Amino acid sequence: MYSSDELIEDSTEFDIVKLVISLFAEAIAQEEELAFTLGNGTTQPTGINTARTAGTITTIAAVGQDFDDIINLEYALPAKYSAGAVFMGNRKSMRELRKLKDTNGRYLWQEPVAVGQPATLHGYSYYQNQQLPDGHIYFGDFKRAYWIGDRGEMAVKVTQDSETAFTKDQTAIRVVERIAGAVIQGAALKVLTGF
């Protein structure tokens, strides 16, 4: 991306280059979430939802759309993956889960105990992923199920030395990140559908 030198020089209230880099980082994070969730496995990493469709990750169908479905999901996961297990779903799924109550009418959803901590359901952390389809709730040890290969930190180059930038009084900002991802242990992750 190119920015005019004048814009950079005239921005006394904030650093334009830092703003552009942070916007790039935010956009890259959104694209990563999309690829790690829905990636096709050929020109993108294989996403967890793509692996589910292919049968690499076991699907459990909701039957009552109640807490019994969540218990069934938890117990479908082999015990050796339970210690690191978390829930993941989109905002709409989160809304439905927040409505679940026990037999005494108490909500099972627990708000975070501290800023920056995730909410919990039945003692397990819940993370939002807006790329997941409605009614899909994943449960498992994501660190063992899905590996992300990162070829180093995001690389940023800011220069005025390129011929195009120099002759047009521009500053070139280039951001590069090399990553990949794949389901490694499909048994470490289960998904509840139709909730």
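Derivation of every value follows stated rules applied to the coordinates shown; laboratory data play no part. These numbers were taken from a predicted model, which means no experiment stands behind them. Because the Cβ atoms are built from the backbone with ideal geometry, glycine has one as well, and the counts that use them run over all protein chains shown.
Quick notes on this structure:
- Once both labels are positioned 7 Å from their Cα atoms along Cα-to-Cβ, the gap between ALA25 and ARG178 label points is 2.2 nm.
- Residue-span extension gain [TYR124 to LYS92] - 0.36 nm each, minus C-alpha spacing: 9.7 nm
- Extending 7 Å from Cα along the Cβ direction at GLU13 and again at THR59 yields two label points whose distance is 5.0 nm.
- Under-5 Å amide H pairs with GLY47, H placed in peptide plane, nonlocal only: GLY39, ASN40, GLY41
- Ratio of the Cα radius of gyration of the stretch 104-151 to 2.2 N^0.38 Å, where N counts its residues: 1.43
- Charge tally around GLU26: other residues with Cβ under 12 Å, Lys/Arg +1 each, Asp/Glu -1 each, net -3.
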